[in-house]
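Asks: Please find one structure pasted underneath; my questions will follow.
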Amino acid sequence: MSTAPTPSCPKLRVSDLCLTFERDGKRESILEHIDLSIGAGEFVCIVGPSGCGKSTLLHVLGGFLPPTSGAIEIDNEPVRGPDPRRIFVFQESAVFPWLTVAGNIGFGLSALPRKEREERIQHYIGLVGLEGFERAFPRELSGGMKQRLEVARALAVNPDVLYMDEPFAGLDFITRMTMRKELLRIWHRERKTVVLVTHDIDEAVQLGDRVLVLSSRPAHIHCELEIGMPHPRDVSAPEYIAMRTRILDELGVERGV
Amino acid sequence: MKRAEAIFWPALLCAALLLAWQLATLHTPVVPSPVRVLRGFGELVRKRILLSYIASSLWRVAKGYLAAVCLGIPAGAALGYHPALRQSANFTIQMLRPISPLAWMPMAVVWFGVGDATPVFLIFIGAFFPILLWTAEGVRNVPNVLVLAGRNFCSSNVAVIFRVMIPAAFPKILTGLRAALGIAWIVVVAAEMIAVDSGLGYLIIDSRNAGQRYDLVIAGMLLIGAIGLTLDLGLQSAERTKFLSWGFSHEPAD
C-alpha cells in the first residue's frame, strides 16, 4: 500500500545539520552532519542506540531547538520555530489536564467558527475511538486513551507533518500493538508525513516506509533502509525477520541473548 | 455513623467551650457571657446596621482583592516565565513582603486620605504578595512538555502564557488565592478600626469606644470568624471542580 516517495520533491530537507551543547564549559557534539530528505506522505522511523540524540534530532526538526549549524527546510521554507503546521507528539503525555477530551482536541482550533470546530472535534474523537469520552478529563483516561487523545489533538489542526517521539513507549505491549495499527489506519486515511523516533526496532519495521539508523553519540546517519513491505506486515514473515536482523546488525547488537 | 461522628465531636467541643465561657463569666461584669453576646447580636440585627456593615467590609475586600488578583497573576506569571526578571525582582519582593500591610497605614492615609481607598489599598498590599509568589512558583513548575505543546499550537508567547502556563499553574495559584483572601479578611477589620466609619472593624472599635459594649465587640468578632470561614470554604470548594481537581490530591473529607 505504501509507495516510495519521489525523491525529487522532498517535503522535509535537512542539510549538514550539526548541534553542539555547552556542558561544564566543554563543547559536546550531539548531532553531526545530518543530511536527510523525507517525501510528502512518507512514514520515516528513526532508530538508534539509547542516548544517541535521536529525540534531540526530532526536537530540532520540530523547531524547539535551534541547530548550531545547517539548515532545515519544509516545502523549501526554512524552519524557524515550532509551527501548528508541524505537530509534535511527545513521549510523556502532553495532553492538557485542565481540559476535557473535546477541549484538548479543540485547543488548536480556536480560530475556527464554532460549528466547524465542533464538527472537527467530533470527527477526530471518532477517528481515534474516544466516542463517549468527549467530556472526560485526562485523569479519567487510561494511558492508551491519553496517547490517542494526543494524536487526535495533533491531527485536528490538520498538520502536514507529525513528529512522534517514542509515542507509545509508556504503554504495555498489547496497547502498543493496537496503537500502531490505529496509527497506520489513520496515516493511510490522512496521508501525513510522519517522522517517528523509537528505540523499538520492531516498531520501526512495522511502521516505516524507511528506517534511518543513527550511530551512537555524536549521532550521524549510519544507514538508511527501505522497508518495501506492504501493510499489514506479517511479523513472522522471513523478509520481516531479515529486516529486523539487518537493523540489529547495523546497530551492532549481538544476536544471542 | 462516620458522618454523625464528624458532626458530633466538633459540636461537643464548641458546646464545652461555650459552657466554660458561661461559667467563667458568671461573676464578672466586664466580660460578657455567651448569652449576653447573643442578646447583643440580636440588638445589632434589630438596629439594621449589621447587614450594611458586613456589606461594606465585603465590598472593600472585593475591591482590594480583585486589584491584587488582576495585578498579581500577570506579574507572577511574568516572574515565573522569565528567570532574569525573577532574579532582578526577587530582592525587592522579599524585602517588601514581610512588611505588615498595617505598617502602610500612615502612608496610605497620606496618599488616599480618610475613606474607603485606604483600607482597600491595605487589603491590596496584603493580598498581592501571596498571589504574586504562588503564581510565580506555579508557572515556574509547569511541566516542560506542556509548554512545548503550547508553543507548538499557539502562535504567540502571550497565548502560551494565558492558554497554557496560567491554567497549568492554577492549582498553585489557587493556593495563593486562598492565602490572600484570608489575609485580606484580617486586614480589612484592622484597617476599618482607623480610617472609616462603617464595616465590621468599625463596629468593634465603635462598640468599645461608645459605652464599652463588650457584648457587641465579641458578637462582631464571632461574626468575622464565621464570614472568614465561609469565604475560605467557598474557595476551597473550587479545588473540587473538575477543571482543577487534577492538581490536588484529595484525602477523604475530614
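The values are calculated or read from the model by the stated rules, or taken from the named source; none is laboratory data. Being a predicted model, the structure only gives us computed values, none of them experimental. In this analysis, Cβ positions are derived from the backbone assuming ideal geometry, glycine residues included, and neighbour counts consider all displayed protein chains.
Asks: For segment B:111-124, state whether one or more residues are in contact (Cβ under 8 Å) with a residue 60 or more places away in the chain, within 14 Å of another protein chain (Cβ to nearest Cβ), more than 22 Å from B:LEU223 (Cα to Cα) and assigned to a helix (DSSP H, G or I).
Replies: No, the conditions are met nowhere in segment B:111-124.
Asks: Another one. Yes or no: B:VAL164 buried (at least 20 other Cβ atoms within 10 Å of the Cβ) and touching a Cys at 6+ places or on another chain (Cβ under 6 Å)?
Replies: Against the criterion (buried (at least 20 other Cβ atoms within 10 Å of the Cβ) and touching a Cys at 6+ places or on another chain (Cβ under 6 Å)), B:VAL164 does not qualify.
Asks: Right, next: Anything in segment A:210-233 that is in a loop (DSSP other than H, G, I, E, B) and of a type in the set (Val, Ile, Thr)? List them, or say none.
Replies: A:ILE227
This table checks each residue for (1) among the charged types (D, E, K, R); (2) outside any helix (DSSP H, G or I); (3) in contact with a Gly (Cβ under 9 Å, 6 or more places away or on another chain).
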{"position": "B:TRP185", "(1), (2), (3)": "no, no, yes"}
{"position": "B:ASP197", "(1), (2), (3)": "yes, yes, no"}
{"position": "B:ALA219", "(1), (2), (3)": "no, no, yes"}
{"position": "B:LEU223", "(1), (2), (3)": "no, no, no"}
{"position": "B:ALA226", "(1), (2), (3)": "no, no, no"}
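Asks: Tell me yes or no: at least one residue of segment A:212-231 is surrounded by 13 or more Cβ atoms within 10 Å (Cβ to Cβ), farther than 13 Å from A:GLY48 by Cα, over 19 Å from the mean Cα position of the chain (by Cα) and not β-branched (Val, Ile, Thr).
Replies: Yes, segment A:212-231 contains a residue that is surrounded by 13 or more Cβ atoms within 10 Å (Cβ to Cβ), farther than 13 Å from A:GLY48 by Cα, over 19 Å from the mean Cα position of the chain (by Cα) and not β-branched (Val, Ile, Thr).
Asks: Another question about this same structure. For residues in segment B:116-165 being out of contact with any helix residue (DSSP H, G or I) (no Cβ under 6 Å at 6 or more places or on another chain) and β-branched (Val, Ile, Thr), which is farthest from A:PHE64 (Cα to Cα)?
Replies: B:VAL158
Asks: Is it fair to say A:VAL95 is free of Cβ contacts under 8 Å to residues at least 40 places away in the same chain and among the hydrophobic types (A, V, I, L, M, F, W, C)?
Replies: no
Asks: Considering only residues that are in contact with an Asp or Glu (Cβ under 9 Å, 6 or more places away or on another chain) and either within 14 Å of chain B (Cβ to nearest Cβ) or not in a strand (DSSP E or B) (or both), which ones fall in segment A:46-67?
Replies: Selection gives A:LYS54, A:SER55, A:LEU58, A:HIS59, A:GLY62, A:GLY63.
Asks: Given the criteria under 22 Å from the mean Cα position of the chain (by Cα), buried (at least 16 other Cβ atoms within 10 Å of the Cβ) and either aromatic (Phe, Trp, Tyr) or part of a helix (DSSP H, G or I) (or both), does B:GLY80 qualify?
Replies: Considered against the rule, which asks whether it is under 22 Å from the mean Cα position of the chain (by Cα), buried (at least 16 other Cβ atoms within 10 Å of the Cβ) and either aromatic (Phe, Trp, Tyr) or part of a helix (DSSP H, G or I) (or both), B:GLY80 comes out as no.
Asks: How many residues does segment A:162-186 hold that are buried (at least 19 other Cβ atoms within 10 Å of the Cβ) and outside any helix (DSSP H, G or I)?
Replies: Summing the residues that are buried (at least 19 other Cβ atoms within 10 Å of the Cβ) and outside any helix (DSSP H, G or I) in segment A:162-186 gives 7.
Asks: Give segment A:83-96 a look and list any residue that's surrounded by fewer than 21 Cβ atoms within 10 Å (Cβ to Cβ), modelled with pLDDT of 90 or more and facing chain B (nearest Cβ under 8 Å), or say none.
Replies: Scanning segment A:83-96 gives A:ASP83, A:PRO84.
Asks: Any residue in segment A:112-126 that is facing chain B (nearest Cβ under 8 Å) and not small (Gly, Ala, Ser)?
Replies: no
Asks: Also: Would you confirm whether any residue within segment B:58-67 is without any contact (Cβ under 8 Å) to a residue 40 or more places away in the chain, in a helix (DSSP H, G or I) and among the small types (Gly, Ala, Ser)?
Replies: Yes, there is a match, as at least one residue in segment B:58-67 is without any contact (Cβ under 8 Å) to a residue 40 or more places away in the chain, in a helix (DSSP H, G or I) and among the small types (Gly, Ala, Ser).
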